[in-house]
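The block underneath contains the structure these notes are about, expressed in structure tokens.
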Amino acid sequence: MSVPAERLDQIANRFAELEARMASGQLEGEAFVQASRDYAELEPVAKVAAEVKSAREEIASLEEMLGDPEMKAMAEEELAELRKRLPEVERALAIAMLPRDSADSKPAMLEIRAGTGGDEAALFAGDLYRMYERFAAEQGWTVEPVSMSASEVGGFKEVIANVTGTGVFAKLKFESGVHRVQRVPETESGGRIHTSAATVAVLPEPDEVDVQIDPGDLKIDVYRASGAGGQHVNTTDSAVRITHLPTNTVVTCQDGRSQHKNREKAMQVLRTRLYDAQREATQGAEAEARKAMVGSGDRSERIRTYNFPQGRVTDHRIGLTLQKLPQIMAGPGLGELVDALIAEDEAKRLAAMSE
């Protein structure tokens, strides 16, 4: 997909204008925030656009040199390299210019729940949470637990965490779905392989202005925290349950000792779930198109299998199997799967636009 020269000039001019505005020191408040967002969004596009323009100009210059007998050999050699490289940078530009999900730049709420498999599913949910924690640390992100329901044998029945940083939702959004594990549980004396599952949901976390919640639509209950014991359980009415009456959405938080903190975290989760519901309602056509690409991200869809005896991980949506299970569960290896899913999504969207 070749971008016209006029469009390259428009991108360069717009980026130069934003640079000048940012450097002027005259922007304040919301105007500065908006300009910063626009700059961050346009910068990668402008960078690749400049590479395309430079490559095209170099090719034109070298083609003129072909008429000079003394320069012809050198020009032909450099032309061959540039003509090979130009389609690559033009494709990179086309990908950079693809319409972006408006939520890509947002932080995310990560929710992991034990599925079928009893205690082993809870242990696997804990393994997945630690995998994402380590991956996040490598990305320079921050993971803050919002709510945890520990299993008596270890791991979690449910864990919810807030992940903040640059491009969190863009990288993690394809992690939503059913993650299946095949391994021999520690409690299995016969050495039989068991299959268990955990569900993962990655939801973009909205700003408060993205979701307006009427206090009159909320029913808030406080009660005494309960659970497996330990530091998360105390003898005061600190646990909070919030019900959004119009949608019957219920969230609870009991991890903190402060009722105020638990209420704040519960509201954070509630805003995220309502925002996700709004996105699904308004982006129906886009959701169908995405489902045809790398899967819907629906929590009921089995997306990945972690086979411990064979040391492999298979992502069923793109048919990718990696013999790197230890590296993936350790966190850093997950990046190869994440990048492959993003690349598949970009390639198919690019192909769809070219038709």
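From the set of residues in segment 309-355 that are part of a strand (DSSP E or B) and among the aliphatic types (A, V, I, L, M), which is most open to solvent (accessible area, probe 1.4 Å)?
Leu320
So which residues in segment 255-273 are closer than 16 Å to Ala108 by Cα and open to solvent by 40 Å² or more (accessible area, probe 1.4 Å), if there are any at all?
Within segment 255-273, Lys265, Arg271, Arg273 meet the criteria.
Please enumerate the residues belonging to segment 214-257 that are assigned to a loop (DSSP other than H, G, I, E, B), at pLDDT 90 or above and farther than 30 Å from Glu301 by Cα.
Within segment 214-257, just Asp214 meets the criteria.
Restricting attention to segment 100-123, does a residue exist that is of a type in the set (Ser, Thr, Tyr), under 17 Å from Pro206 (Cα atoms), without any contact (Cβ under 8 Å) to a residue 60 or more places away in the chain and out of contact with any Pro (no Cβ under 7 Å at 6 or more places or on another chain)?
yes
Got a sec? Which of Lys53, Lys47 is under 28 Å from the mean Cα position of the chain (by Cα) and modelled with pLDDT of 90 or more?
Lys47
Which of the residues spanning segment 64-74 are exposed (fewer than 12 other Cβ atoms within 10 Å of the Cβ) and assigned to a helix (DSSP H, G or I)?
Hits for segment 64-74 are Glu64, Ala73.
For segment 7-34, which residues satisfy the criterion of being among the acidic types (Asp, Glu) and over 15 Å from Val45 (Cα atoms)?
Result: Glu28, Glu30.
Only one of these is outside any helix (DSSP H, G or I) and either surrounded by 13 or more Cβ atoms within 10 Å (Cβ to Cβ) or of a type in the set (Phe, Trp, Tyr) (or both): Val3, Val52, Val48. Name it.
Val3
I'd like to check which strands (runs of 3 or more DSSP E) are fully inside segment 75-168 and have at least 1 residues that are surrounded by fewer than 18 Cβ atoms within 10 Å (Cβ to Cβ).
Output list reads 142-150, 156-164.
Does any residue in segment 159-176 that is without any contact (Cβ under 8 Å) to a residue 12 or more places away in the chain come within less than 7 Å, Cβ to Cβ, of a residue that is buried (at least 23 other Cβ atoms within 10 Å of the Cβ) and of a type in the set (A, V, I, L, M, F, W, C) six or more places away or on a different chain, and which pairs are these?
Pairs found: none.
May I ask you to list the residues in segment 47-86 that are of a type in the set (Lys, Arg) and within 30 Å of Gln10 (Cβ to Cβ)?
Lys47, Lys53, Arg56, Arg83, Lys84, Arg85
In this structure, is Leu341 under 18 Å from Pro99 (Cα atoms), modelled with pLDDT of 95 or more and out of contact with any Ser or Thr (no Cβ under 9 Å at 6 or more places or on another chain)?
yes
Here are some conditions: (1) modelled with pLDDT of 95 or more; (2) on the phi > 0 side of the Ramachandran plot; (3) in contact with a strand residue (DSSP E or B) (Cβ under 7 Å, 6 or more places away or on another chain). Gly311 meets all but one. Which one does it not meet?
Of everything listed in (1) modelled with pLDDT of 95 or more; (2) on the phi > 0 side of the Ramachandran plot; (3) in contact with a strand residue (DSSP E or B) (Cβ under 7 Å, 6 or more places away or on another chain), Gly311 misses just condition (3).
How many residues are open to solvent by less than 80 Å² (accessible area, probe 1.4 Å) and either over 30 Å from the mean Cα position of the chain (by Cα) or of a type outside the set (D, E, K, R) (or both) if we restrict to segment 196-221? Before the answer, list the steps.
Pass one, segment 196-221, residues open to solvent by less than 80 Å² (accessible area, probe 1.4 Å): 196-207, 210-211, 213, 216-218, 220-221.
Right, trim to either over 30 Å from the mean Cα position of the chain (by Cα) or of a type outside the set (D, E, K, R) (or both) and you get 196-204, 206, 211, 213, 216-218, 220-221.
The total comes to 17.
The values are calculated or read from the model by the stated rules, or taken from the named source; none is laboratory data. Every value quoted in this text rests on a predicted model; they were computed, and no experiment measured them. Cβ sites come from the backbone with ideal geometry, for glycine too, and all protein chains shown count toward neighbours. Note: accessible area is taken over every heavy atom of the protein model, side chains too, but ligands, DNA and RNA are not part of it. Shrake-Rupley method; radii C 1.70, N 1.55, O 1.52, S 1.80 Å.
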